[in-house]
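Peer 1: Below you will find the structure I want to go over with you.
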Amino acid sequence: MDLLIRNASLPNGRTGVDIAIAGGRINAVGVALAVDAAQEIDAGGNLVTPPFVDAHFHMDATLSYGLPRVNSSGTLLEGIALWGELKPMLTQEALVARAMQYCDWAVARGLLAIRSHVDICDDRLLAVEALLHVKRRVAPYLDLQLVAFPQDGLLRSPNAFANLKRAIAMGVDVVGGIPHFERTMAEGAESIKLLCEFAAEKGLRVDMHCDESDDPMSRHIETLAFHTRRLGLHGLVAGSHLTSMHSMDNYYVSKLLPLIREAGVAAIANPLINITLQGRHDTYPKRRGMTRVPEMLEAGIDVAFGHDCVMDPWYSLGSGDMLEVAHMGLHVAQMTGQEAMHACFMAVTETPARILGLGGYGLTPGCNADLVVLDAGCTVEAIRLRAGRRYVIRRGKVISQSPAAQATLSLPGRPAALDFRLHSA
């Protein structure tokens, strides 16, 4: 064997488990495996999980905070306007450099798969070319899936559909859209129809920014589910954000959720950004803005959490830590039961892996040996601590590691040698 991990705890609650790895894949999983390996890691009862997966990100904009100016209001619409100001100033070299830096951050945090939307409304397709280059460079250690995203609207931007088709021909993986940003509800619905038909023709997945609005009448998710069923795209379509659902009346949602489930449409919420950008027109009471995550999970809909933005025109914070995303999602959705908290961990690991269609993902024999050893004993503790990443493993090789987040404290009135598990940045 190439690598043996001893005494691991798994996300499903199993403890004292060994994981044997050979040829970049998991060879065996069991208790007290009688095998020898070239390298051995003692997990010490810590959690070993498949890597984190970010189902929704904007890598073409990441780390551009302050260019050409700061979003002074912090709003979604100023962020979109600011991105429009920045686009003419973009260069491939700068796009690649920022994306590569972010990918390094991601790997150090155990984030080994990212779905990134890339704006195709710039006729030069600079960002597309840059991120295709990045995708090739990072392939040995990170899966980067690209979405052709018409940021300015498929029908609202004159060359958007032609550019989207060009981007797909160049190697972009997924068809994107933004129906609520079209000029009218009718044009938004038409854009969904056109994009889904194109995806069906090409055999591609679909992931649309859908109803990223506080308007309860923004109901494009219904249209997306309809065309998904009509065209046989079951399991290939995701609606991202879906924030208008937070403002919809309960009767309509009671009809909408079964439609989404029957169509096999997944949902991707972005807790850090949804809670920041939505509800801006409210005084008090002020809406949270994030979509109805617990209700969708109860209805049998796949729900993932995405990071969305890191230090860009829309969001000045962020670090690529999907446990921070899960932590915010847990709080905003009030998912504080044990099973619900575990579901939030799944929303940044197994569920987005399924939505992205990642092959070989998991902890069973035959899966890719892509693993993260966390400085925590279970999924809930990992979220609580935003646990340190002791080891990040890609295809059976350690590509990042850090020391245990332990310290011995001597506090007044306490025994002199108590160990306290501390959060490490």
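Peer 1: I'm trying to understand the selection: among the residues of segment 347-362, which are assigned to a helix (DSSP H, G or I) and surrounded by 22 or more Cβ atoms within 10 Å (Cβ to Cβ)? Break it down stepwise before answering.
Peer 2: First, the residues of segment 347-362 that are assigned to a helix (DSSP H, G or I): 350-356.
Across segment 347-362, the qualifying residues are T351, P352, A353, I355, L356.
Peer 1: Is segment 288-301 home to any residue that is modelled with pLDDT of 95 or more and more than 22 Å from G337 (Cα to Cα)?
Peer 2: No, segment 288-301 contains no residue that is modelled with pLDDT of 95 or more and more than 22 Å from G337 (Cα to Cα).
Peer 1: Starting from residues that are in contact with a Leu (Cβ under 8 Å, 6 or more places away or on another chain) and not charged (D, E, K, R), keep the ones in segment 181-197 and report whichever is most open to solvent (accessible area, probe 1.4 Å).
Peer 2: Here the answer is L194.
Peer 1: So which of L242, L272, L231 is touching a residue at least 40 places away in the same chain (Cβ under 8 Å) and closer than 25 Å to D173 by Cα?
Peer 2: Exactly one of L242, L272, L231 is touching a residue at least 40 places away in the same chain (Cβ under 8 Å) and closer than 25 Å to D173 by Cα, namely L242.
Peer 1: How about segment 363-376: which of its residues are crowded, with 16+ Cβ neighbours inside 10 Å and under 22 Å from G23 (Cα atoms)?
Peer 2: L363, C367, N368, A369, D370, L371, V372, V373
Peer 1: Same structure again: As an exercise: evaluate L422 against (1) open to solvent by 70 Å² or more (accessible area, probe 1.4 Å); (2) at pLDDT 95 or above and give the number of the one condition it does not meet.
Peer 2: (2)
Peer 1: Separate question: Scan segment 162-180 for residues that are within 23 Å of D123 (Cβ to Cβ) and crowded, with 21+ Cβ neighbours inside 10 Å and report the count. Quick ask: steps written out before the conclusion?
Peer 2: Here is the first cut: in segment 162-180, the ones within 23 Å of D123 (Cβ to Cβ) are 162-179.
Still in the list and also crowded, with 21+ Cβ neighbours inside 10 Å: 163-164, 167, 172, 174-179.
The qualifying residues number 10.
Peer 1: I've got another one for you. Quickly run through segment 226-258 and pick out the residues that are part of a helix (DSSP H, G or I) and closer than 28 Å to D282 by Cβ.
Peer 2: Of everything in segment 226-258, those that are part of a helix (DSSP H, G or I) and closer than 28 Å to D282 by Cβ turn out to be T243, S244, M245, H246, N250, Y251, Y252, V253, S254, K255, L256, L257.
Peer 1: Also, I was wondering about something else. Hey, can you tell me all the residues within segment 73-82 that are modelled with pLDDT of 90 or more and either of a type in the set (A, V, I, L, M, F, W, C) or open to solvent by 60 Å² or more (accessible area, probe 1.4 Å) (or both)?
Peer 2: Within segment 73-82, A81, L82 meet the criteria.
Peer 1: Hey, another quick one. Considering each of I26, I80 in turn, give the residue that is of a type outside the set (D, E) and assigned to a strand (DSSP E or B). Working first, answer last.
Peer 2: Details: I80 fails: assigned to a strand (DSSP E or B).
None of the others qualify; the one that does is I26.
Peer 1: Does at least one position in segment 32-41 carry a residue that is touching a His at 6+ places or on another chain (Cβ under 7 Å), of a type in the set (D, E) and either without any contact (Cβ under 8 Å) to a residue 40 or more places away in the chain or within 27 Å of A405 (Cα to Cα) (or both)?
Peer 2: No: zero hits.
Peer 1: Would you be able to say whether some residue in segment 391-403 is buried (at least 21 other Cβ atoms within 10 Å of the Cβ), at pLDDT 50 or above and closer than 21 Å to H327 by Cβ?
Peer 2: The answer is yes, given that some residue of segment 391-403 is buried (at least 21 other Cβ atoms within 10 Å of the Cβ), at pLDDT 50 or above and closer than 21 Å to H327 by Cβ.
Peer 1: Among the numbered conditions (1) open to solvent by less than 40 Å² (accessible area, probe 1.4 Å); (2) out of contact with any helix residue (DSSP H, G or I) (no Cβ under 7 Å at 6 or more places or on another chain); (3) part of a helix (DSSP H, G or I), tell me where R261 comes up short.
Peer 2: R261 satisfies all of (1) open to solvent by less than 40 Å² (accessible area, probe 1.4 Å); (2) out of contact with any helix residue (DSSP H, G or I) (no Cβ under 7 Å at 6 or more places or on another chain); (3) part of a helix (DSSP H, G or I) except (1).
Peer 1: Report every pair of residues separated by at least 6 positions or lying on different chains whose Cβ atoms are under 8 Å apart, first residue within segment 3-20 and closer than 22 Å to H342 by Cα, second of a type in the set (F, W, Y).
Peer 2: Hits for this filter: P11/F345.
Peer 1: Which condition number does A127 fail, the rest of (1) open to solvent by less than 60 Å² (accessible area, probe 1.4 Å); (2) among the small types (G, A, S); (3) without any contact (Cβ under 8 Å) to a residue 60 or more places away in the chain; (4) out of contact with any Cys (no Cβ under 8 Å at 6 or more places or on another chain) being met?
Peer 2: Of everything listed in (1) open to solvent by less than 60 Å² (accessible area, probe 1.4 Å); (2) among the small types (G, A, S); (3) without any contact (Cβ under 8 Å) to a residue 60 or more places away in the chain; (4) out of contact with any Cys (no Cβ under 8 Å at 6 or more places or on another chain), A127 misses just condition (3).
The values are calculated or read from the model by the stated rules, or taken from the named source; none is laboratory data. Nothing here was measured: the structure is a model prediction, and the numbers come from that model. Ideal geometry is used to build each Cβ from the backbone, glycine not excepted, and the neighbour counts take in all protein chains shown. These area figures cover heavy atoms from the full protein model, side chains too; ligands, DNA and RNA do not enter into them. Shrake-Rupley method; radii C 1.70, N 1.55, O 1.52, S 1.80 Å.
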